[in-house]
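**Student:** Below is the structure I would like to discuss, written out as structure tokens.
The values are calculated or read from the model by the stated rules, or taken from the named source; none is laboratory data. As the structure is a prediction and not an experimental result, all values here were calculated from the model. Cβ: placed from backbone, ideal geometry, glycine included. Neighbour counts: every protein chain shown.
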Amino acid sequence: MLKKLSAITIITFCIILHAYAQEKSPYHPEIHGTIRAKYEYEPQINAGRFEVRNARISVTGSIRPKISYKAEIDLSDEGKIKMLDAYVRFNPEQWSLTMGQMRVPFTIDAHRSPHQQYFANRSFIAKQVGNVRDVGLAGMYQFGNNVPFVIEGGIFNGSGLTNQKDYWTKNYNFSVKTTASFFKCITVVASAQRIKPEDVSIIMCDAGAYYQDSRWHIEAEYLRKNYARGAFSGVNAIDAFISRTFPLKKYLTGISALCRYDYMSDHSNGIKNDAGKLFINDHERHRMTIGTTLHFGAKKVYADLRVNYEKYFNKHGATPSISDHDKFVIELMCRF
């Protein structure tokens with residue numbers, strides 16, 4: 001009941017805020033939202049499900065020309081209400097400082113918001129291995145004209161999204177990320193991150209690149225995750241995909257054909273079991289995904305209809321979770 005009341009309160013507040021923001025001013029807030037509704041069917045178990053994967057509402061704006069803010073909440077993040085982003089940013093022309101709760105600057109695919117994803121389901125890098133949001137202080141500096149560079153870094157509690165009030169630490173997490181662009185269509189990204197979910201330090205290194213123009217997007221990314229003192233075997237993760245968009249002028253703005261391969265070795269999230277040891281949270285698996293996306297609208301208001309088929313190759317002898325079987329996925333994503 002309390003969750004329903006909270007959701008109603010948030011939606012009502014956003015409606016009032018949106019009405020207020022209709023007055024033209026550079027300092028009035030903007031309301032954005034993303035809704036993802038999907039259906040999944042698994043032939044191996046002859047069962048399916050409908051799900052609202054995301055129902056995000058965000059408020060962004062500026063207090064002064066160099067001070068901005070963002071607050072984002074998801075009313076249905078796998079059925080739960082979660083506060084995602086809540087930060088204030090000081091952003092002169094070439095650099096910025098951000099304090100609050102945010103996506104940690106790390107990886108390519110894990111840094112994408114739901115409306116920026118190419119496939120209905122996230123890659124293993126984005127979902128299991130490199131998915132980190134935290135509270136802290138992050139900085140960014142960009143330079144270069146012919147070859148633009150962006151350097152990002154930050155220090156974070158390591159407390160995650162919900163354990164902040166009574167969380168005190170002497171060992172902060174950190175993350176650094178460098179992005180370089182070549183010829184206006186090739187981007188190379190390298191990043192590193194240290195986290196400590198409990199008492200085992202974890203170092204992650206990630207490197208990737210992508211080519212993008214008005215019709216093609218070709219991307220490959222590799223992540224290595226190492227656990228201190230050999231507490232768990234190092235994890236390897238790969239994400240590689242290609243997308244070709246065919247522009248249209250009538251009814252649709254475009255249609256895309258996509259194909260992805262991703263892989264993850266046996267993975268632990270860094271939380272120990274009752275025996276005091278790290279254990280496998282996600283078993284090794286390969287996955288091939290093919291699909292098509294129908295694009296409606298453009299710029300700030302648009303929708304994507306994603307149709308995917310996922311083929312899993314699970315480790316011999318492992319018992320995959322119910323979500324890790326071959327499946328058909330139909331998803332409608334709306335961004336406003």
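**Student:** In region 64-90, what count of residues is obtained for those that are within 15 Å of PRO29 (Cα to Cα), surrounded by fewer than 14 Cβ atoms within 10 Å (Cβ to Cβ) and under 15 Å from the mean Cα position of the chain (by Cα)?
**Tutor:** Looking only at that region, the number is 0.
**Student:** Is there a residue being surrounded by 15 or more Cβ atoms within 10 Å (Cβ to Cβ) and in a loop (DSSP other than H, G, I, E, B) anywhere in region 171-191?
**Tutor:** So far as region 171-191 goes, yes, one or more of its residues are surrounded by 15 or more Cβ atoms within 10 Å (Cβ to Cβ) and in a loop (DSSP other than H, G, I, E, B).
**Student:** Continuing with this model, one more query. Of the residues SER68, SER76, SER96, which single one is closer than 20 Å to LYS38 by Cβ and assigned to a strand (DSSP E or B)?
**Tutor:** Criteria check complete, one pass: SER76.
**Student:** Something else now. Return the only residue of ARG287, ARG306 being of a type in the set (Lys, Arg), crowded, with 19+ Cβ neighbours inside 10 Å and in contact with a helix residue (DSSP H, G or I) (Cβ under 8 Å, 6 or more places away or on another chain).
**Tutor:** Step by step, each of ARG287, ARG306 is checked, and only ARG287 is of a type in the set (Lys, Arg), crowded, with 19+ Cβ neighbours inside 10 Å and in contact with a helix residue (DSSP H, G or I) (Cβ under 8 Å, 6 or more places away or on another chain).
**Student:** For the structure I just gave you, tell me whether SER123 is over 17 Å from ALA138 (Cβ atoms), polar (S, T, N, Q) and under 17 Å from the mean Cα position of the chain (by Cα).
**Tutor:** Details: over 17 Å from ALA138 (Cβ atoms): yes; polar (S, T, N, Q): yes; under 17 Å from the mean Cα position of the chain (by Cα): yes.
For SER123, the condition - over 17 Å from ALA138 (Cβ atoms), polar (S, T, N, Q) and under 17 Å from the mean Cα position of the chain (by Cα) - is met.
**Student:** When you go through (1) more than 22 Å from the chain's Cα centre (by Cα); (2) within 20 Å of GLN116 (Cβ to Cβ) one by one for SER243, which number turns out not to apply?
**Tutor:** It is condition (1) that SER243 fails.
**Student:** Another question, if that's okay. Quick one: TYR227 ticks every box in (1) crowded, with 18+ Cβ neighbours inside 10 Å; (2) hydroxyl-bearing (Ser, Thr, Tyr); (3) within 20 Å of VAL132 (Cβ to Cβ); (4) over 19 Å from the mean Cα position of the chain (by Cα) bar one, so which box is it?
**Tutor:** Evaluating TYR227 over (1) crowded, with 18+ Cβ neighbours inside 10 Å; (2) hydroxyl-bearing (Ser, Thr, Tyr); (3) within 20 Å of VAL132 (Cβ to Cβ); (4) over 19 Å from the mean Cα position of the chain (by Cα) leaves (1) as the failure.
**Student:** Here are some residues: VAL147, VAL52. Which one is under 30 Å from HIS286 (Cα atoms) and loosely packed, with under 15 Cβ neighbours inside 10 Å?
**Tutor:** From the options VAL147, VAL52, the qualifying one is VAL52.
**Student:** Taking only pairs six or more apart or across chains, which ones have beta-carbon atoms under 6 Å, a first residue in region 259-286 that is touching a residue at least 12 places away in the same chain (Cβ under 8 Å), and a second residue that is among the basic types (Lys, Arg) and part of a strand (DSSP E or B)?
**Tutor:** ASP262/ARG287; LEU278/LYS272
**Student:** I would also like to ask the following. Just to verify a result, which residue in region 314-336, among those that are at pLDDT 95 or above and hydrophobic (A, V, I, L, M, F, W, C), is farthest from ILE255 (Cα to Cα)?
**Tutor:** For region 314-336, the residue satisfying everything is PHE328.
**Student:** Another question about this same structure. Quick check on my filter: what residues within region 103-139 are crowded, with 19+ Cβ neighbours inside 10 Å, outside any loop (DSSP other than H, G, I, E, B) and aliphatic (A, V, I, L, M)?
**Tutor:** Hits for region 103-139 are ALA110, ILE125, ALA126, VAL129, VAL135, ALA138.
**Student:** Quick check, is SER268 out of contact with any helix residue (DSSP H, G or I) (no Cβ under 8 Å at 6 or more places or on another chain), crowded, with 18+ Cβ neighbours inside 10 Å, over 30 Å from SER201 (Cβ atoms) and of a type in the set (Gly, Ala, Ser)?
**Tutor:** no
**Student:** Can I ask one more? Being more than 27 Å from ASN121 (Cβ to Cβ), at pLDDT below 95 and among the hydrophobic types (A, V, I, L, M, F, W, C) is the filter here; which residues of region 44-89 pass it?
**Tutor:** Across region 44-89, the qualifying residues are VAL59, ILE63, ILE67.
**Student:** Restricting to region 297-336, count the residues that are over 12 Å from LYS38 (Cβ atoms) and either touching a Leu at 6+ places or on another chain (Cβ under 6 Å) or among the aliphatic types (A, V, I, L, M) (or both).
**Tutor:** Selection size over region 297-336: 5.
**Student:** Being modelled with pLDDT under 85, surrounded by 14 or more Cβ atoms within 10 Å (Cβ to Cβ), in contact with a Leu (Cβ under 9 Å, 6 or more places away or on another chain) and hydrophobic (A, V, I, L, M, F, W, C) narrows it down to one of ALA21, ALA7, so name that one.
**Tutor:** The match here is ALA7.
**Student:** Please go through region 283-301 and give me each residue that is at pLDDT 90 or above and farther than 14 Å from ASP262 by Cα, ordered by number.
**Tutor:** Correct list: GLY291, THR292, THR293, LEU294, HIS295, PHE296, VAL301.
**Student:** Could you go through region 31-48 and let me know if any residue there is hydroxyl-bearing (Ser, Thr, Tyr), free of Cβ contacts under 8 Å to residues at least 40 places away in the same chain and more than 22 Å from HIS325 (Cβ to Cβ).
**Tutor:** Within region 31-48, none of the residues are hydroxyl-bearing (Ser, Thr, Tyr), free of Cβ contacts under 8 Å to residues at least 40 places away in the same chain and more than 22 Å from HIS325 (Cβ to Cβ).
**Student:** State the number of residues belonging to region 143-170 that are in a loop (DSSP other than H, G, I, E, B) and under 30 Å from ILE218 (Cα atoms).
**Tutor:** Final tally of qualifying residues: 5.
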